[in-house]
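Novice: One structure coming up, written as structure tokens, with questions to follow.
The values are calculated or read from the model by the stated rules, or taken from the named source; none is laboratory data. What you see is a predicted model; the values in this text were computed from it and never measured. Because the Cβ atoms are built from the backbone with ideal geometry, glycine has one as well, and the counts that use them run over all protein chains shown. When the accessible area is computed, the model is the full protein with side chains, heavy atoms only, and any ligands, DNA or RNA have been set aside. Shrake-Rupley method; radii C 1.70, N 1.55, O 1.52, S 1.80 Å.
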Amino acid sequence: MRMTRQAEPAVGTPPGPGPKEGDGRTAARPLVPRMLARPEVGVFLGALAVLVFFLVAAPAVRQGGSMATVLYQSSTIGIMALPVALLMIGGEFDLSSGVAVVSSALTASMLSYQLTLNVWTGVIVALIVSLAIGAFNGWMVVRTGLPSFLVTLGTFLILQGLNLAVTKLVTGNVATDDISDMDGFDQAKKIFASSFDIGGVEVKITVVWWLVFAALATWVLLRTKYGNWIFAVGGSKDSARAVGVPVNFTKITLFMAVGFGAWFIGMHQLFAFNTVQSGEGVGQELIYIAAAVIGGCLLTGGYGSAIGPVFGAFMFGMVNQGIVYAGWNPDWFKAFLGVMLLGAVLINLWVQRTATRR
């Protein structure tokens, strides 16, 4: 009897050529939406548009010396905007950063002058004080669970009052004494407030420090475990704590980073002008926060970059000086500031929705 075998279905036969079906979760997104989802792309395009606008509207901006002034103005904002941005990515923000700059400068100036010490002693003590202020803000936030808005608002008022009261008590005036003839002043000025020549254009050292700090902040944020912690605690501190992230340590050190930035800018102001006005700094904290927001940092935390605030600070410097070079009323700066801030918030909202859309 003849037996026949029936053909069995093939197992594991690869599918033939043709379009692959998928559920959409692993499909590659187009390049343009992926680029627009980057937090710094929007502000880069905005900064480029502002630059082109003032190059046309204010021909004086095209001169090397004018652009050096723009970069200088941008750097004094940008150096502080960097740690403020990292803090915002970590889910908090600091309203005391503006007056903390003046507190640092006052500490270094009065300590050195009144005790006739080398100015480096005042610089070091001012650094300790600034870090302590940041640590206090961070400790209060993590210890009490109060919003950082309330904690740093209290610190803002305390420092503002101390700046004025202590300065009047010690010096009998609202400003500190001139320290330009004291030991160590020239060496400190070279680090914090010197300038150098590039092609006949005088460039301030703060521009170099600004770029160095931006590169360092970018490396920390994208290439270190600490950078992952920043994003984690900003996204959800409870989830971050559940996977072993040291939430309290991260938040406190971020506030201390803001203190370091306040110290650095305070030292620049002291050694650039030799004296400090105790009532200054009020309102600057809003400039730093606005530069970070315009740079792509969300107020809700967990999203942002260190490069974005660089372009945000440049926009501030460009508008501030561009209005002057164009011969317009400088009062328009506040109006430009409001427009840029509202525009940045709307763009960030759109970017957040685009980045999370499947």
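Novice: Given the conditions (1) at pLDDT 90 or above; (2) over 25 Å from the mean Cα position of the chain (by Cα), which single one is not true for Gly172?
Specialist: Gly172 satisfies every listed condition except (1).
Novice: So, one more: Starting from residues that are of a type in the set (Asp, Glu) and either closer than 20 Å to Ala306 by Cα or part of a loop (DSSP other than H, G, I, E, B) (or both), keep the ones in the range 181-233 and report whichever is most open to solvent (accessible area, probe 1.4 Å).
Specialist: First, the residues of the range 181-233 that are of a type in the set (Asp, Glu): 181, 183, 186, 197, 202.
Applying the additional criterion that residues be either closer than 20 Å to Ala306 by Cα or part of a loop (DSSP other than H, G, I, E, B) (or both) yields 181, 183.
Numbers: Asp181: 130, Asp183: 112 Å².
The extreme case among them is Asp181.
Novice: Are there any pairs with C-beta distances below 8 angstrom linking a residue in the range 81-96 that is over 17 Å from Val247 (Cβ atoms) to a residue that is outside any helix (DSSP H, G or I) and of a type outside the set (A, V, I, L, M, F, W, C), with the two at least 6 apart or on different chains, and if so which?
Specialist: From the range 81-96, the pairs are Ala81/Gly295; Val84/Asp94; Ala85/Gly295; Ala85/Gly304; Ala85/Ser305.
Novice: Of the numbered conditions (1) open to solvent by less than 40 Å² (accessible area, probe 1.4 Å); (2) over 30 Å from Pro59 (Cβ atoms); (3) at pLDDT 85 or above, Gly279 satisfies every one except a single condition; which is it?
Specialist: (1)
Novice: With Val61, Val32 as the choices, which residue is modelled with pLDDT under 80 and not acidic (Asp, Glu)? Can you show your working first?
Specialist: Values: Val61 fails: modelled with pLDDT under 80.
The conditions single out Val32.
Novice: Something else about it: If Val11 meets every condition in (1) over 27 Å from Leu298 (Cβ atoms); (2) at pLDDT 50 or above; (3) of a type outside the set (D, E, K, R) apart from one, which number is that one?
Specialist: Of everything listed in (1) over 27 Å from Leu298 (Cβ atoms); (2) at pLDDT 50 or above; (3) of a type outside the set (D, E, K, R), Val11 misses just condition (2).
Novice: What is the residue count in the range 118-138 for residues that are surrounded by 22 or more Cβ atoms within 10 Å (Cβ to Cβ) and closer than 15 Å to Asp186 by Cα?
Specialist: Of the residues in that region, 3 qualify.
Novice: Could you list, in sequence order, the residues of the range 236-273 that are more than 26 Å from Ser195 (Cβ to Cβ), of a type in the set (A, V, I, L, M, F, W, C) and outside any loop (DSSP other than H, G, I, E, B)?
Specialist: To start, the set of residues in the range 236-273 that are more than 26 Å from Ser195 (Cβ to Cβ) comprises 236-259.
Applying the additional criterion that residues be of a type in the set (A, V, I, L, M, F, W, C) yields 240, 242-243, 245, 247, 249, 252, 254-258.
Once the filter is applied, which keeps residues that are more than 26 Å from Ser195 (Cβ to Cβ), of a type in the set (A, V, I, L, M, F, W, C) and outside any loop (DSSP other than H, G, I, E, B), the range 236-273 yields Ala240, Ala242, Val247, Phe249, Ile252, Leu254, Phe255, Met256, Ala257, Val258.
Novice: Say whether the condition of being modelled with pLDDT under 95, open to solvent by 10 Å² or more (accessible area, probe 1.4 Å) and closer than 28 Å to Thr253 by Cα is met by at least one residue in the range 84-92.
Specialist: Yes, the conditions are met somewhere in the range 84-92.
Novice: Against the conditions (1) free of Cβ contacts under 8 Å to residues at least 40 places away in the same chain; (2) farther than 30 Å from Ala232 by Cβ; (3) of a type outside the set (Gly, Ala, Ser); (4) open to solvent by less than 30 Å² (accessible area, probe 1.4 Å), where does Leu115 fall short? Just the number, please.
Specialist: For Leu115, the failing item is (4).
Novice: Restricting attention to the range 152-174, does a residue exist that is open to solvent by 70 Å² or more (accessible area, probe 1.4 Å), within 16 Å of Gln269 (Cβ to Cβ) and in a loop (DSSP other than H, G, I, E, B)?
Specialist: no
Novice: Now for a separate question. Name the single residue, out of those in the range 282-299 being assigned to a loop (DSSP other than H, G, I, E, B) and closer than 17 Å to Leu342 by Cβ, that is most open to solvent (accessible area, probe 1.4 Å).
Specialist: Leu299
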